[in-house]
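**Q** Submitted below is the structure of interest, expressed as structure tokens.
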Amino acid sequence: MTARAPREKRDPLARKKLCHVSPGQRSRAMHAMAARAAMGRFVLQTCTDCGTATYPPRDACPKCWGELVWSDQDNGATVLCKTMIRVSTDLYFRDHLPWRMGKVTLDAGPVALVHLHDALEAGERAEIRLMLDRGGNAALFALRPGERQAMNDPQWREFVVPVQGRTVLVSDARSAIGRAVVEALHRAGAPLVIAGLPGPAPASDVTDALFGLDGVQAVPLDITDSVSIAEAISKIAGPLDIVINTARHVRGGGVSARGNLVEQRRAMEVSALGLMRLAQACTPLLAGRPSGAFVDVLSAHALSGDSQFAGLAAAEAARFSLLQSFRHEMRAAGVRVLSVFTGPTDDQDHQAVPSPKVAPGRLAAEIVDALANGREQTCVGEIAADAMERWLSDPLLYAREKNL
Amino acid sequence: MNRSRAAYDGVVVCAPVTVPYRRFSPEPAHWWAGRAMRALRDATGFGPADFDGFCFSSFSAGPDTAVGLTQHLGLSPRWLDHLPTGGASGVMALRRAARAVQCGDADIVACVAADTNQIDSFRHSLATFSRFSQDAVYPYGFGGPNATFALITDAYMREFGVTREDFGKLCVAQRANAMSNPLALQRRTLTLDAYMSARAIADPVHLFDCVMPCAGAEAFVVTTPEIATERGLPGARIMATIERHNAFPDDSVQLRGGWAMDIDSLWGMAGIGPSDVDTLQVYDDYPVIVAMQIADLGFAEKGKVADFIRNTSFGIDGDLPLNTNGGQLSAGQAGAAGGFQNVTEGLRQILRQPLGQQVPDAEIAAISGFGLVNYDRGVCTAAAILEARQ
């Protein structure tokens, strides 16, 4: 392999810089806002009686005491005033001073305090993004109108997961999805992508152009085997910033009819227990990093049972559940846990499934985009988006109609 | 509504006491409240059995409220109040106690504010201050009140043309007033140069715009003229009061406070105007709030607060003696006691019992309070006009 970017050299006994997270106490209403922020939406509460939009989140409309519901809103705003905070008693913000914040009037009506992009001044127009902060809570960030990213603003980088300059592990790089992810991360500027290759290794691995790329390192990795995971991680000479779990075992079949217990056990081993093994092994490395992240690729079948893919749906549902628990565990360490839901992908696993199918390259691009925007939950493709929408609005109905 | 308000007949305010502040104290708020009661006893001769009314304000007495304090301090009042309104609590205690005494629900009311300041307690009390703060303020850099008032100051300066030099003049004058107050925590000379070149805390708020949190207590007594006379206690009568919460909720930035809503009621009830006031004691956690009170209470012409500051001297012997003990900026901010300091200092000046230098011929004091940044602004405002009783 040719020369890569120089690795960080560290004294293993040196005291590590502690990674603090932003203050975490929130009201129930604010958590509801965060749940919507996780999906990349810009929402405010509006009154069902008088229509007034309100912020900060309340439990009654301040104009008429009507019921409040969450609704998507225009994210335009005008900056009213600003400050640069140079002193803070909070350990997280002390590490990131000075911190620029301001106040805006939202086009939707209310005023709000916001994290302020370093180029925005009082009187100027802004576009407000509803993000999740390092503690996993909802926060408003003002960018210049039309600006999608602000990677040069150190404050913005606290809300997203930069890929440039970071080391990434892809758990299964042999699948079509995994290959696309390795390639997309490499293109996005990750200087080292560790490509995990489950056995048995075919002879073509040696000559595979993808694994021969400068900055891509292939390692044997079987996430159904703890020893294999430990060995793969021990081969990473340096810090690990991002883990992308692409592993899964897709097979059709029902519960009684065409149910194959051997395949089912394998699906559980990969989707559910595999996630646990990988999470346990990677957590200590991710927790020490300034913007560690764990991305999990899930089948949209995780949301509800499916008579055609009963085993896969059950395994992915278990995975979905574990992922929610894992996200909560990682909050205190400031490690983001991102879910990427996908419908059937255009690969060997879904040869019998009709279109629309998600191209692996598109899935990989969406993963890079989710990282770049710090988006906790992403649905890739029409089928996953449709499944999520139906599930969110009426999970019992969705379980019936999915199997009609 | 044009219903006229009843005058505060049959009410006297007396016995302003201050328990000397300390930057940090290992003692809890209860200790400071106890010291305040002892100081009231020394000033009036009233013991635990004499007080039949008790009004308490504190941020650091938790888990206790005024209820716990009655047992703690051996009081059996027939009238009890607990005020969570911080910087506005002094005037609010005054007007509540006054109506209780006037109507006969109580005869002798102790109004007490006490707070401790242990190492790190400021950070703790900040972190649990209000729900809106937790949801929508702290996550944005956790600058505390410095950041909130920086935003207000930034907007206020642009709106009214007030400069840092103008704020500096107020702070420098207050520090000069503190020189004669032996209880002020900060009595080193402050020059305008030092003010201007101080380090930024949250632009445009700089070091000398910020108060120093400390431990301390303030208290006074509200009773009837008969009882005051019998005990030989000098006292003041209440000419007028106002109080307002969450005024102008649709103002996008707080460029005015509740005083602006109730100013006519205040001066109308008092029967005098701002020019009749001998000394002004305002809440001074950040000079922008001092300027706002000067404007909203009618001391300055509407929109011309910058000119007023430039053309007025605020020393003890000046045109408008302002925060004559040095204010919280120099005396220190002892939590809720910071909201009582304006009442006790105003009373002292008109009762001729100053801690330091006496305002010449002081008869009438205007007192103004401001408290509780729940989200993006101070929610509670109050004001009172007191006149020395002949």
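**Q** Of all chymotrypsin sites (Phe, Trp or Tyr not before Pro) in the stretch B:21-96, which ones are in loop regions per DSSP and have a Cβ with at most 15 other Cβ atoms within 10 Å? Before the final figure, lay out the partial values.
**A** Working: sites: B:Y21, B:F24, B:W31, B:W32, B:F46, B:F51, B:F54, B:F56, B:F59, B:W79; in loops: B:F24, B:F46, B:F51, B:F59.
Here the sparse-neighbourhood loop sites are B:F24.
**Q** Using mean Cβ contacts within 10 Å as the protection proxy, how do B:148-156, B:115-123, B:180-188 order, highest first?
**A** Numbers: B:148-156: 25.3, B:115-123: 18.8, B:180-188: 17.2.
Top of the packing list down: B:148-156, B:115-123, B:180-188.
**Q** How long are the semi-axes of the equivalent ellipsoid of the stretch A:163-206, defined as square roots of 5 times the Cα gyration tensor eigenvalues? Whole Å, largest first.
**A** Details: eigenvalues 83, 18, 14 Å².
Semi-axes, largest first: 20, 10, 9 Å.
**Q** Another question about this same structure. Only helical DSSP H runs with n ≥ 4 go in: add -39500 (n - 2.57) per run for chain A, normalise by residue count and round the 222 nm mean residue ellipticity to 500 deg cm²/dmol. Could the numbers behind the result be given before it?
**A** Numbers: 12 runs with 122 residues, N = 404.
Computed mean residue ellipticity for chain A: -9000 deg cm²/dmol.
**Q** Let me ask something else. For the stretch A:312-376, what value does the Rg/Rh ratio take when both radii are computed over Cα atoms and Rh is the Kirkwood radius, given to two decimals? Before the final figure, lay out each step's value.
**A** Values: Rg = 14.2 Å, Rh = 13.6 Å.
Rounded to two decimals, Rg over Rh is 1.04.
**Q** Stokes-Einstein diffusion coefficient for chain A at 20 °C in a medium of 1.002 mPa s, Rh from the Kirkwood formula over Cα pairs: what value in µm²/s? Before the final figure, lay out the partial values.
**A** Numbers: Rh = 22.6 Å.
Roughly 95 µm²/s, to the nearest whole number.
**Q** Roughly how many whole Å is it from the C-alpha centroid of the stretch B:12-55 to that of the stretch A:253-304?
**A** 65 Å
**Q** Counting pairs on different chains as well as pairs 8 or more places apart, how many Lys pairs in the protein assembly as shown have Cα atoms under 20 Å apart? Kindly include the intermediate steps, with their values, before the conclusion.
**A** Details: A:K9/A:K17; A:K9/A:K235; A:K82/A:K103; A:K357/A:K402; B:K169/B:K302; B:K169/B:K304.
Close lysine pairs found across the protein assembly as shown: 6.
**Q** Find how much the distance from A:H328 to A:D394 grows on full extension, using 0.36 nm per residue of separation minus their present alpha carbon separation; answer in nm with one decimal.
**A** Numbers: separation 66, 0.36 × 66 = 23.76 nm, distance 2.49 nm.
Contour length minus the Cα-Cα distance gives 21.3 nm.
**Q** Also: Can you find, among B:G298, A:A195, B:A217, the residue sitting farthest towards the positive end of the charge dipole of the protein assembly as shown, where Lys and Arg contribute +1 and Asp and Glu -1 at Cβ?
**A** The residue sitting most towards the positive pole is A:A195.
**Q** Quick check: pseudo-label points 7 Å beyond the Cα along Cα→Cβ at A:T89 and A:M151, how many nm apart are they?
**A** So the two model labels end up 3.9 nm from each other.
**Q** So how far apart, in nm, are the two label points at A:S256 and A:D214 if each is 7 Å from Cα heading toward Cβ?
**A** So the two model labels end up 6.2 nm from each other.
**Q** Quick one, could you list the DSSP H helices from chain B stretching 18 Å or more along their long axis (Cα atoms) with average Kyte-Doolittle hydropathy of -1.0 or above?
**A** Values: long enough: B:29-44 (22 Å, -0.52); B:89-102 (19 Å, 0.22); B:144-160 (24 Å, 0.09); B:164-178 (21 Å, -0.57).
Long hydrophobic helices here: B:29-44, B:89-102, B:144-160, B:164-178.
**Q** Order the peptides A:93-101, B:311-319, A:161-169, A:392-400 from the highest to the lowest mean number of other Cβ atoms within 10 Å of their residues.
**A** Working: A:93-101: 19.0, B:311-319: 15.8, A:161-169: 21.2, A:392-400: 11.9.
In decreasing order of mean packing, A:93-101, B:311-319, A:161-169, A:392-400 become A:161-169, A:93-101, B:311-319, A:392-400.
**Q** Averaging over all projection directions, find the projected area of the Cα convex hull of the protein assembly as shown and quote it in nm² with one decimal place.
**A** Working: hull surface 157.0 nm².
Across all orientations, the protein assembly as shown yields a mean hull projection of 39.2 nm².
**Q** Could you give log10 I(q)/I(0) at q = 0.24, 0.29, 0.31 Å⁻¹ for the stretch B:54-106, computed by the Debye formula over C-alpha point scatterers of equal weight, without solvent?
**A** Debye output, listed in q order: -0.95, -1.15, -1.20.
**Q** Right, another one. Considering the convex hull of the alpha carbon atoms of chain B, report its projected area averaged over all viewing directions, in nm², one decimal.
**A** Values: hull surface 70.1 nm².
Here the figure is 17.5 nm², rounded to one decimal.
**Q** Under a plain spin-label model, where a point goes 7 Å from the Cα along Cα-to-Cβ, how far apart in nm are A:H31 and A:D11?
**A** 4.3 nm
**Q** I'd like to compare A:33-42, A:150-159, A:243-252: which one has the highest average count of other Cβ atoms within 10 Å, and what's the full order after that? Don't skip to the answer; put the middle values down first.
**A** Values: A:33-42: 19.4, A:150-159: 17.1, A:243-252: 24.1.
Sorting A:33-42, A:150-159, A:243-252 by mean packing, highest first, produces A:243-252, A:33-42, A:150-159.
**Q** In whole Å, what three semi-axes, largest first, describe the equivalent ellipsoid of the stretch B:240-324 built from its Cα gyration tensor (square root of 5 times each eigenvalue)? Please list the in-between numbers first.
**A** Working: eigenvalues 86, 54, 26 Å².
Equivalent ellipsoid of the stretch B:240-324: 21, 16, 11 Å, largest first.
**Q** Please compute the average number of Cβ atoms from other chains found within 10 Å of each residue's Cβ in peptide A:377-388.
**A** On the way: counts 0, 0, 0, 0, 0, 0, 0, 0, 0, 0, 0, 0.
Counting other chains' Cβ atoms within 10 Å and averaging over A:377-388 gives 0.
**Q** Same structure, new question: When N is the residue count of the stretch B:43-201, what does its C-alpha Rg come to as a fraction of 2.2 N^0.38 Å?
**A** Working: Rg = 20.2 Å, N = 159, 2.2 N^0.38 = 15.1 Å.
It is 1.34.
**Q** Would you mind calculating the gained length between B:A49 and B:D105 on full extension (0.36 nm times residue separation, minus the Cα-Cα distance), in nm to one decimal?
**A** Details: separation 56, 0.36 × 56 = 20.16 nm, distance 1.60 nm.
Additional length available on full extension: 18.6 nm.
Each reported figure results from applying straightforward, stated rules to the coordinates on display, with no laboratory input. This is a predicted model, so every value here is computed, not measured. As a convention, Cβ positions derive from the backbone with ideal geometry for all residues, glycine included, and neighbour counts pool all protein chains shown.
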